[in-house]
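Written below as C-alpha coordinates is the structure these notes are about.
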Amino acid sequence: MVSTLTTVKWSIDDYHRMIEAGILGDRRAELLWGEIVEMAPERKPHAHLSSSAGDYIREKLAGRAKVREEKPITLPDDSEPEPDIAVVQDLGDEYLEHHPYADNVFWLVEYADASLKKDLEIKSQLYAEAGIVEYWVVNLKTMELVVFTDPGAGGYQRQQTLTEGWVSPVAFGDVNFAVSQFIRR
(Lines give C-alpha, C1' and ligand atoms only; values in the text may rest on other atoms or scores of the structure.)
Protein backbone atom coordinates (compact mmCIF):
# COMPACT_ATOMS: atom_id res chain seq x y z
CA MET A 1 0.00 0.00 0.00
CA VAL A 2 1.28 3.46 -0.89
CA SER A 3 1.24 5.80 2.10
CA THR A 4 2.20 8.98 0.25
CA LEU A 5 1.25 10.04 -3.23
CA THR A 6 3.24 12.60 -5.14
CA THR A 7 1.35 14.50 -7.78
CA VAL A 8 2.93 15.71 -10.99
CA LYS A 9 3.18 19.49 -11.23
CA TRP A 10 2.82 20.97 -14.69
CA SER A 11 4.57 24.06 -15.99
CA ILE A 12 2.80 26.66 -18.07
CA ASP A 13 4.78 25.41 -21.09
CA ASP A 14 3.62 21.82 -20.40
CA TYR A 15 0.04 23.04 -20.11
CA HIS A 16 0.24 24.96 -23.40
CA ARG A 17 1.69 21.89 -25.16
CA MET A 18 -1.22 19.78 -23.84
CA ILE A 19 -3.72 22.33 -25.16
CA GLU A 20 -1.98 22.53 -28.56
CA ALA A 21 -1.85 18.72 -28.80
CA GLY A 22 -5.57 18.50 -28.03
CA ILE A 23 -5.01 16.39 -24.92
CA LEU A 24 -7.51 18.37 -22.89
CA GLY A 25 -10.03 18.32 -25.74
CA ASP A 26 -13.09 20.40 -24.98
CA ARG A 27 -12.65 20.08 -21.22
CA ARG A 28 -12.91 23.37 -19.37
CA ALA A 29 -9.77 23.47 -17.25
CA GLU A 30 -7.29 25.93 -15.81
CA LEU A 31 -3.80 25.64 -14.34
CA LEU A 32 -3.53 26.56 -10.64
CA TRP A 33 -0.18 26.17 -8.87
CA GLY A 34 0.91 23.60 -11.44
CA GLU A 35 -2.24 21.48 -11.15
CA ILE A 36 -4.83 21.16 -13.90
CA VAL A 37 -8.19 21.91 -12.31
CA GLU A 38 -11.53 21.30 -13.98
CA MET A 39 -13.80 24.34 -14.15
CA ALA A 40 -17.43 24.04 -13.11
CA PRO A 41 -19.99 24.41 -15.91
CA GLU A 42 -21.73 27.76 -16.12
CA ARG A 43 -25.38 27.82 -15.19
CA LYS A 44 -27.81 30.35 -16.62
CA PRO A 45 -27.52 33.02 -13.87
CA HIS A 46 -23.71 32.80 -13.98
CA ALA A 47 -23.58 33.17 -17.77
CA HIS A 48 -26.12 35.99 -17.91
CA LEU A 49 -24.84 38.06 -14.98
CA SER A 50 -21.15 37.75 -15.85
CA SER A 51 -21.83 38.71 -19.46
CA SER A 52 -23.92 41.72 -18.39
CA ALA A 53 -21.22 42.77 -15.91
CA GLY A 54 -18.58 42.56 -18.61
CA ASP A 55 -20.65 44.86 -20.82
CA TYR A 56 -21.22 47.26 -17.90
CA ILE A 57 -17.52 47.47 -17.02
CA ARG A 58 -16.61 47.91 -20.69
CA GLU A 59 -19.08 50.81 -20.99
CA LYS A 60 -17.89 52.53 -17.79
CA LEU A 61 -14.18 52.20 -18.65
CA ALA A 62 -14.39 52.86 -22.40
CA GLY A 63 -10.90 53.68 -23.68
CA ARG A 64 -9.24 53.21 -20.27
CA ALA A 65 -8.85 49.41 -20.04
CA LYS A 66 -9.44 46.17 -21.89
CA VAL A 67 -12.15 43.86 -20.54
CA ARG A 68 -11.50 40.17 -21.22
CA GLU A 69 -14.14 37.58 -20.45
CA GLU A 70 -13.27 33.94 -19.73
CA LYS A 71 -9.75 34.34 -21.10
CA PRO A 72 -6.51 33.17 -19.46
CA ILE A 73 -4.09 35.29 -17.50
CA THR A 74 -0.56 34.06 -16.81
CA LEU A 75 0.66 34.19 -13.22
CA PRO A 76 3.79 33.05 -11.40
CA ASP A 77 3.94 29.63 -9.75
CA ASP A 78 2.78 27.84 -12.91
CA SER A 79 -0.73 29.23 -12.89
CA GLU A 80 -2.97 30.20 -15.77
CA PRO A 81 -6.49 30.74 -14.45
CA GLU A 82 -9.41 31.89 -16.58
CA PRO A 83 -11.36 34.47 -14.57
CA ASP A 84 -14.87 35.35 -15.67
CA ILE A 85 -13.80 38.97 -16.14
CA ALA A 86 -10.29 40.42 -16.23
CA VAL A 87 -9.89 44.18 -16.47
CA VAL A 88 -6.41 44.66 -17.88
CA GLN A 89 -4.15 47.21 -19.51
CA ASP A 90 -4.92 47.67 -23.18
CA LEU A 91 -1.61 46.69 -24.75
CA GLY A 92 -3.00 46.21 -28.22
CA ASP A 93 -1.46 43.32 -30.12
CA GLU A 94 1.01 42.47 -27.35
CA TYR A 95 -1.52 39.87 -26.17
CA LEU A 96 -0.87 37.99 -29.40
CA GLU A 97 2.47 37.02 -27.80
CA HIS A 98 1.31 36.31 -24.25
CA HIS A 99 -1.75 36.42 -22.01
CA PRO A 100 -1.91 39.32 -19.54
CA TYR A 101 0.49 38.98 -16.61
CA ALA A 102 -0.30 40.02 -13.03
CA ASP A 103 1.29 43.43 -13.68
CA ASN A 104 -1.19 43.98 -16.52
CA VAL A 105 -4.27 43.27 -14.38
CA PHE A 106 -6.28 46.08 -12.79
CA TRP A 107 -8.81 43.73 -11.20
CA LEU A 108 -10.57 40.40 -11.63
CA VAL A 109 -14.19 39.32 -11.20
CA GLU A 110 -15.39 35.76 -10.64
CA TYR A 111 -19.03 34.64 -10.54
CA ALA A 112 -19.36 31.69 -8.20
CA ASP A 113 -21.97 29.10 -7.36
CA ALA A 114 -20.58 25.58 -7.62
CA SER A 115 -17.05 27.05 -7.58
CA LEU A 116 -17.65 29.31 -4.55
CA LYS A 117 -15.18 27.60 -2.19
CA LYS A 118 -12.46 27.52 -4.87
CA ASP A 119 -13.02 31.17 -5.79
CA LEU A 120 -13.17 32.50 -2.22
CA GLU A 121 -10.30 30.45 -0.83
CA ILE A 122 -7.95 29.04 -3.46
CA LYS A 123 -8.18 31.70 -6.15
CA SER A 124 -8.17 34.58 -3.67
CA GLN A 125 -4.90 33.23 -2.25
CA LEU A 126 -3.43 32.69 -5.73
CA TYR A 127 -4.39 36.18 -6.91
CA ALA A 128 -3.14 37.85 -3.72
CA GLU A 129 0.21 36.05 -3.91
CA ALA A 130 0.53 37.14 -7.56
CA GLY A 131 -0.05 40.76 -6.49
CA ILE A 132 -3.41 41.26 -8.21
CA VAL A 133 -4.49 44.53 -6.58
CA GLU A 134 -8.21 43.77 -6.48
CA TYR A 135 -10.43 40.73 -6.81
CA TRP A 136 -14.23 40.58 -6.74
CA VAL A 137 -16.31 37.46 -6.19
CA VAL A 138 -20.02 37.49 -6.90
CA ASN A 139 -21.58 34.91 -4.61
CA LEU A 140 -24.53 33.66 -6.64
CA LYS A 141 -25.91 31.70 -3.66
CA THR A 142 -26.43 34.80 -1.51
CA MET A 143 -26.27 37.49 -4.22
CA GLU A 144 -23.42 39.33 -2.51
CA LEU A 145 -20.38 41.04 -3.99
CA VAL A 146 -17.20 40.24 -2.05
CA VAL A 147 -14.41 42.74 -2.71
CA PHE A 148 -10.82 41.75 -1.84
CA THR A 149 -8.05 44.38 -1.77
CA ASP A 150 -4.54 44.87 -0.34
CA PRO A 151 -2.84 41.67 -1.54
CA GLY A 152 0.02 40.03 0.31
CA ALA A 153 1.75 36.69 0.81
CA GLY A 154 -0.87 35.72 3.40
CA GLY A 155 -3.79 36.61 1.14
CA TYR A 156 -5.84 39.75 0.80
CA GLN A 157 -5.73 41.98 3.86
CA ARG A 158 -9.11 43.62 3.30
CA GLN A 159 -12.45 42.05 2.46
CA GLN A 160 -15.77 43.82 2.10
CA THR A 161 -19.16 42.23 1.38
CA LEU A 162 -21.73 44.36 -0.43
CA THR A 163 -25.38 43.83 -1.36
CA GLU A 164 -26.19 47.39 -2.48
CA GLY A 165 -24.68 50.79 -3.07
CA TRP A 166 -21.64 51.72 -5.10
CA VAL A 167 -18.06 50.50 -5.32
CA SER A 168 -15.00 52.06 -6.92
CA PRO A 169 -12.13 49.81 -7.97
CA VAL A 170 -8.70 50.74 -6.62
CA ALA A 171 -7.28 51.36 -10.11
CA PHE A 172 -10.21 53.58 -11.12
CA GLY A 173 -11.15 55.45 -7.96
CA ASP A 174 -12.92 58.10 -10.04
CA VAL A 175 -15.43 55.57 -11.43
CA ASN A 176 -18.36 54.29 -9.36
CA PHE A 177 -19.98 50.96 -10.15
CA ALA A 178 -23.50 50.10 -8.95
CA VAL A 179 -23.41 46.85 -6.97
CA SER A 180 -26.85 46.08 -8.44
CA GLN A 181 -25.23 45.69 -11.87
CA PHE A 182 -23.26 42.69 -10.60
CA ILE A 183 -25.93 40.95 -8.52
CA ARG A 184 -29.69 40.54 -8.69
CA ARG A 185 -31.64 40.55 -5.44
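List of remarks:
- Long-range neighbours under 7 Å by Cβ, at least six apart or interchain, first residue within 17 Å of residue 138 (Cβ to Cβ) and of a type in the set (A, V, I, L, M) within the stretch 39-65, second outside any loop (DSSP other than H, G, I, E, B) and at pLDDT below 95: 39/29; 39/30
- If you go through the stretch 29-78 and keep only what is hydroxyl-bearing (Ser, Thr, Tyr) and assigned to a strand (DSSP E or B), you end up with just 74.
- Checked against the criterion of being over 27 Å from residue 42 (Cβ atoms), small (Gly, Ala, Ser) and over 16 Å from the mean Cα position of the chain (by Cα), the candidates 131, 154 yield just one match: 154.
- Pairs, first more than 25 Å from residue 121 (Cβ to Cβ) in the stretch 158-183, second in a strand (DSSP E or B) and among the β-branched types (Val, Ile, Thr), C-beta under 8 Å, six or more apart: 176/167
- From 87, 137, residue being touching a residue at least 40 places away in the same chain (Cβ under 8 Å), under 19 Å from residue 169 (Cβ atoms) and not in a loop (DSSP other than H, G, I, E, B): 87
- Selection of the stretch 140-157 for residues being in contact with a strand residue (DSSP E or B) (Cβ under 7 Å, 6 or more places away or on another chain), over 16 Å from residue 171 (Cα atoms) and of a type in the set (S, T, N, Q) yields only 157.
- Residue within the stretch 98-108 that is touching a residue at least 12 places away in the same chain (Cβ under 8 Å), of a type in the set (Ser, Thr, Tyr), crowded, with 21+ Cβ neighbours inside 10 Å and assigned to a strand (DSSP E or B) present: no
- Pairs, first farther than 16 Å from residue 143 by Cβ and crowded, with 19+ Cβ neighbours inside 10 Å in the stretch 110-132, second of a type in the set (Phe, Trp, Tyr) and at pLDDT 95 or above, C-beta under 7 Å, six or more apart: 124/135; 124/148; 124/156; 127/135; 128/156
- Top-ranked residue of the stretch 140-154 - restricted to ones that are part of a strand (DSSP E or B) and at pLDDT 95 or above, ranked as farthest from residue 115 (Cα to Cα): 150
The values are calculated or read from the model by the stated rules, or taken from the named source; none is laboratory data. Predicted model only: the values in this text are computed from it and were never measured. As a convention, Cβ positions derive from the backbone with ideal geometry for all residues, glycine included, and neighbour counts pool all protein chains shown.
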